[in-house]
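Taking it in order: structure first as structure tokens, then the write-up.
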Amino acid sequence: MNKSNIALTERAANHVKNFLAKQDDEINLRVGVKPTGCSGYQYVVEATENINASDQLFESFGVKIVVDDQSFKYLSGTELDYVKEGINEGFRFNNPNVQATCGCGESFTISEETN
């Protein structure tokens with residue numbers, strides 16, 4: 001995995017392609033972080049038509065991934081997987097910048113080198 005990249009596993013890309021195929025317009029996958037939770041940051045994943053001038057654009061298994069500059073410094077080198085465990089399913093982030101996660105797993109802390 002390239003540290004200056006953001007990528008999907010093939011399983012995650014297939015899930016995203018199936019979801020985006022149901023949309024009327026050309027939709028991209030926007031990935032970011034927002035300050036929240038007990039550990040500091042939370043991941044945000046959403047469909048978007050908009051690509052801003054300050055966004056970074058990546059492609060993985062045919063899926064366009066859009067990341068704003070502010071989030072990219074926290075997400076650089078991240079790989080997203082899509083997992084099913086029992087009745088739960090969702091994205092799993094393999095983020096090399098994460099120092100710790102909270103007990104519930106909903107938020108994370110970034111290493112000081114990244115900030």
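Data for the structure
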{"quantity": "Difference of contour (0.36 nm per residue) and Cα-Cα distance, VAL83 to ALA47", "calculated": "11.1 nm"}
{"quantity": "Cleavage-rule hits, trypsin sites (Lys or Arg not before Pro), the stretch 17-65, DSSP coil, Cβ neighbours within 10 Å at most 12", "calculated": "LYS22"}
{"quantity": "Folded to 0 to 90 degrees: helix 10-20 orientation relative to the chain principal axis, Cα", "calculated": "60"}
{"quantity": "Order of VAL66, VAL44, VAL98 - criterion: other Cβ atoms within 10 Å of each residue's Cβ, fewest first", "calculated": "VAL44, VAL98, VAL66"}
{"quantity": "For LEU8, residues with placed amide H under 5 Å, excluding near neighbours", "calculated": "LEU80"}
{"quantity": "Reported label for calculated percent of Cα pairs over 16 Å apart given (i) 60; (ii) 65; (iii) 73", "calculated": "(i)"}
{"quantity": "Lysine pairs with alpha-carbon atoms under 20 Å apart, the chain, spacing 8 or more or separate chains", "calculated": "7"}
{"quantity": "Sparsely packed GluC sites (Glu not before Pro) within the stretch 1-88, loop by DSSP, other Cβ within 10 Å at most 13", "calculated": "GLU26, GLU49"}
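Just so you know, all these numbers are worked out from the coordinates, no wet-lab data involved. Given the structure is predicted, the values throughout are model-derived calculations rather than measurements. All Cβ positions, even for glycine, are placed from backbone atoms using ideal geometry, and neighbour counts span all protein chains on display.
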